[in-house]
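So the structure is just underneath, and the comments pick up after that.
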Amino acid sequence: MLTTRHYFSALMLGLLLLLTACASQPSQLYQQLGGTQGIAQITDRFLVNLSQDKRIVHHFAQTDIEIFRQRLIEHLCVISGGECQYNGASMYDAHIGLHINQADFDAVVGHLINALKQQNVPIATRNALLAKLAPMYQDITYH
Amino acid sequence: MLQKILILCLCVVAGIHHPVIADTSKVIATAGATTIEGAAGGGIVPWAVINGYASTEQWSATAMSTLVTVDDFTLQAVGASLSVDNRFEVSLTKQTFDLDTMGGKLGQDIIGIKYKLAGELLYTSLPQISVGLQYKRVDDFTIPNAVGARNDWGLDAYLAASKVYFDAIAGRNLVTNLTLRATKANQTGLLGFGTTTNNDYHLQTEVSVALLLTDNIALGYEYKQKPNQLSFAKEDDWQDIFMAWFINKHLSLVGAYANLGSIAGFERQKGWYLSIEGTL
Ligand code: HEM
Ligand code: HEM
């Protein structure tokens, strides 16, 4: 049908005009996050956001924040393809018995997005990182 | 009357300084927009997403007002919805359809419910899957009756699957949606349900795709298949291209260019769609 084709080509043209950035290569993700230094800054902003959120901060009442910070940095480094070693537990084991629900997870994702924005990480890089974190939902929630 | 209440709701909900703000957690834009039938979705296709920003153990309310103006007709929809737990949604919508060229008007009320069966839009490889029901009743059966409709009310049932692909196209996130609907409605119910000779359900396919150009601006396309059963005039499938702007978690705007095809003998009905939504 002519109209369908018309709409589709208009949509595709729109996409081409509006988007110039391109999908990131996974091994470059670490660089795009600013290396270890960038990841440390993102983590600190994330922890500040987290500490101000009454909805979820209670989960971290027993947490040693300095160790937690270090594990988060290592974890983000490893999943973004950096040359680091992660010394923490698996995502499943790390969150066992914490009774984290979807609202908690949504809130953490929101804080991470905000931390990435505050750090001026471009949208394509943010989305590439979210693509790696989102599937951890099943290991982290409801157990 | 219903319209006045709904407009009042919209004002209250859109008033960001209202004292009772629901404490909600869902990520921006994941509530979708609201269709002209009241369900969370695009403009004309319901998605599997649940309206509002309530995650588990939270609630959310929305109110919307939508105007669609095509060559010979104007459709207005006002509605409100309530959702709990990012699981269940109930919506109430009033549609008025002005026959600008012919004179007169049609209208219907729609009560919708939606229940999330499985999957999580952002987090599972399985798409989010929801089932929905829409009870529709026309305001005045005179015109639908005259053109051969059988009933002044009908029940649509649909199954919707929605999924977000992160970093899908040029680093942007892509929302995809497929909806299967069983319906007897003529022109979504504005011209009644079934025909004098046939009262069967028709299985229709609806699709939408949207690309999140930024965190809060989506560009999308929708296609809605519709039955073509009244003999007095041809009925076409609907489609539109839309741009949604989720200004914040309390206010969103959707603009679209819609092609509604042939309606009641008037060919090539194209025009603009504008929707404003408030979320609590
Ligand atoms: C994508 C999402 C998440 C990632 C990548 C993540 C990552 C991590 C990492 C790397 C650790 C350290 C594990 C270790 O020390 O062995 C950890 C621990 C922890 N996480 Fe998460 N997490 C996520 C979501 C959440 C959510 C939604 C909550 C709850 C609101 C949460 C609460 C905790 C708590 C309470 C600890 C334990 C800290 C302690 O006391 O040692 N996490 N997480
Ligand atoms: C608008 C044009 C393009 C689009 C829509 C696109 C889309 C994509 C997508 C969706 C992925 C998968 C991302 C992921 O798995 O996280 C990808 C990966 C990739 N793209 Fe592109 N791409 C485009 C242009 C390019 C160009 C021009 C190059 C090279 C100069 C390139 C190089 C790559 C590489 C190296 C990968 C990673 C493959 C891998 O290791 O898995 N892309 N691209």
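If I filter the range B:173-184 for residues that are touching an Asp or Glu at 6+ places or on another chain (Cβ under 8 Å), more than 12 Å from chain A (Cβ to nearest Cβ), modelled with pLDDT of 95 or more and assigned to a loop (DSSP other than H, G, I, E, B), do I get at least one hit? Scanning the range B:173-184, I find at least one residue that is touching an Asp or Glu at 6+ places or on another chain (Cβ under 8 Å), more than 12 Å from chain A (Cβ to nearest Cβ), modelled with pLDDT of 95 or more and assigned to a loop (DSSP other than H, G, I, E, B), so the answer is yes.
Only residues that are exposed (fewer than 11 other Cβ atoms within 10 Å of the Cβ) and near ligand 1 (Cβ under 8 Å from one of its atoms) were counted across the range A:64-86, and they come to 1. Restricting the search to the range A:99-135, which residues are away from ligand 2 (no atom under 14 Å from the Cβ), outside any loop (DSSP other than H, G, I, E, B) and free of Cβ contacts under 8 Å to residues at least 60 places away in the same chain? Of everything in the range A:99-135, those that are away from ligand 2 (no atom under 14 Å from the Cβ), outside any loop (DSSP other than H, G, I, E, B) and free of Cβ contacts under 8 Å to residues at least 60 places away in the same chain turn out to be A:GLN102, A:ALA103, A:ASP104, A:PHE105, A:ASP106, A:ALA107, A:VAL108, A:VAL109, A:GLY110, A:ILE113, A:LYS117.
Restricting the range B:158-172 to residues that are in a strand (DSSP E or B) and within 14 Å of ligand 2 (Cβ to nearest atom), which is surrounded by the most Cβ atoms within 10 Å (Cβ to Cβ)? Write out each step before concluding.
First, pick out the residues of the range B:158-172 that are in a strand (DSSP E or B): B:158-169, B:172.
Retained after the next criterion (residues that are within 14 Å of ligand 2 (Cβ to nearest atom)): B:164-169, B:172.
On the way: B:VAL164: 25, B:TYR165: 14, B:PHE166: 20, B:ASP167: 23, B:ALA168: 17, B:ILE169: 14, B:ARG172: 23.
The selected residue is B:VAL164.
Scoring B:GLY154 on the criteria (1) in contact (Cβ under 8 Å) with a residue 24 or more places away in the chain; (2) assigned to a strand (DSSP E or B); (3) under 27 Å from B:ALA218 (Cβ atoms) leaves a single failure, condition (3).
Please determine, by comparing only the residues of the range B:48-64 that are surrounded by fewer than 20 Cβ atoms within 10 Å (Cβ to Cβ) and either of a type outside the set (A, V, I, L, M) or farther than 23 Å from B:ALA157 by Cα (or both), which one is modelled with the highest pLDDT. Break it down stepwise before answering.
Step one: list which residues in the range B:48-64 are surrounded by fewer than 20 Cβ atoms within 10 Å (Cβ to Cβ), which gives B:56-57, B:59, B:61.
Remaining after also requiring either of a type outside the set (A, V, I, L, M) or farther than 23 Å from B:ALA157 by Cα (or both): B:56-57, B:59.
On the way: B:THR56: 87, B:GLU57: 85, B:TRP59: 90.
Only one residue tops the list, namely B:TRP59.
Quick check: is even one residue across the range A:83-97 away from ligand 2 (no atom under 16 Å from the Cβ), among the β-branched types (Val, Ile, Thr) and under 10 Å from the mean Cα position of the chain (by Cα)? Before the answer, list the steps.
From the range A:83-97, those away from ligand 2 (no atom under 16 Å from the Cβ) are A:83-97; that's our starting set.
Those left that are additionally among the β-branched types (Val, Ile, Thr): A:96.
Add one more test, that the residue is under 10 Å from the mean Cα position of the chain (by Cα), and what stays is none.
No, the range A:83-97 has no match at all.
Selection of the range A:96-107 for residues being surrounded by fewer than 20 Cβ atoms within 10 Å (Cβ to Cβ) and at negative phi yields A:ILE96, A:LEU98, A:ILE100, A:ASN101.
Considering every residue within the range A:49-58, establish whether at least one is in a helix (DSSP H, G or I), surrounded by 14 or more Cβ atoms within 10 Å (Cβ to Cβ), at pLDDT 95 or above and more than 9 Å from ligand 1 (Cβ to nearest atom). Give the steps one after another, and end with the answer.
Step one: list which residues in the range A:49-58 are in a helix (DSSP H, G or I), which gives A:49-51, A:57-58.
Among the residues that remain, those that are also surrounded by 14 or more Cβ atoms within 10 Å (Cβ to Cβ) are: A:49-50.
Subsequent filtering for residues that are at pLDDT 95 or above retains none.
For the range A:49-58, residues in a helix (DSSP H, G or I), surrounded by 14 or more Cβ atoms within 10 Å (Cβ to Cβ), at pLDDT 95 or above and more than 9 Å from ligand 1 (Cβ to nearest atom): absent.
One residue stands out among those in the range A:108-131 that are more than 8 Å from every other protein chain (Cβ to nearest Cβ) and near ligand 1 (Cβ under 9 Å from one of its atoms): the one that is surrounded by the most Cβ atoms within 10 Å (Cβ to Cβ), which is A:LEU112.
Is it fair to say B:THR101 is of a type in the set (Val, Ile, Thr) and more than 14 Å from chain A (Cβ to nearest Cβ)? Yes; evaluated as a whole, the condition is true for this residue.
Restricting the range B:130-150 to residues that are buried (at least 18 other Cβ atoms within 10 Å of the Cβ) and closer than 30 Å to B:LEU174 by Cβ, which is nearest to the other protein chains (Cβ to nearest Cβ)? The extreme case among them is B:SER130.
Of all positions in the range B:238-256, none carries a residue that is at pLDDT below 95, out of contact with any helix residue (DSSP H, G or I) (no Cβ under 9 Å at 6 or more places or on another chain) and over 22 Å from B:MET64 (Cβ atoms). Residue selection: A:HIS75 fails the criterion of being part of a loop (DSSP other than H, G, I, E, B) and either touching a Phe, Trp or Tyr at 6+ places or on another chain (Cβ under 9 Å) or facing another protein chain (nearest Cβ under 8 Å) (or both).
Of everything in the range A:83-107, what is at the interface with another protein chain (Cβ under 9 Å from one of its Cβ atoms) and more than 26 Å from B:ILE169 (Cβ to Cβ)? Give them in sequence order.
Scanning the range A:83-107 gives A:ASN101, A:GLN102, A:ALA103, A:ASP104, A:ALA107.
Considering the range B:34-59, the residues that are within 20 Å of B:PHE97 (Cβ to Cβ) and among the small types (Gly, Ala, Ser) include one that is farthest from the other protein chains (Cβ to nearest Cβ), namely B:GLY38.
Does the range B:108-118 include one or more residues that are among the small types (Gly, Ala, Ser), assigned to a strand (DSSP E or B) and within 14 Å of chain A (Cβ to nearest Cβ)? So far as the range B:108-118 goes, yes, one or more of its residues are among the small types (Gly, Ala, Ser), assigned to a strand (DSSP E or B) and within 14 Å of chain A (Cβ to nearest Cβ).
With the requirement that a residue be outside any helix (DSSP H, G or I) and more than 6 Å from ligand 1 (Cβ to nearest atom), what does the range A:87-96 give you? A:ASN87, A:SER90, A:ILE96, listed by residue number.
The values are calculated or read from the model by the stated rules, or taken from the named source; none is laboratory data. Since we're looking at a predicted model, the values are computed, not measured. Virtual Cβ from ideal backbone geometry, glycine too; neighbours counted across all protein chains shown.
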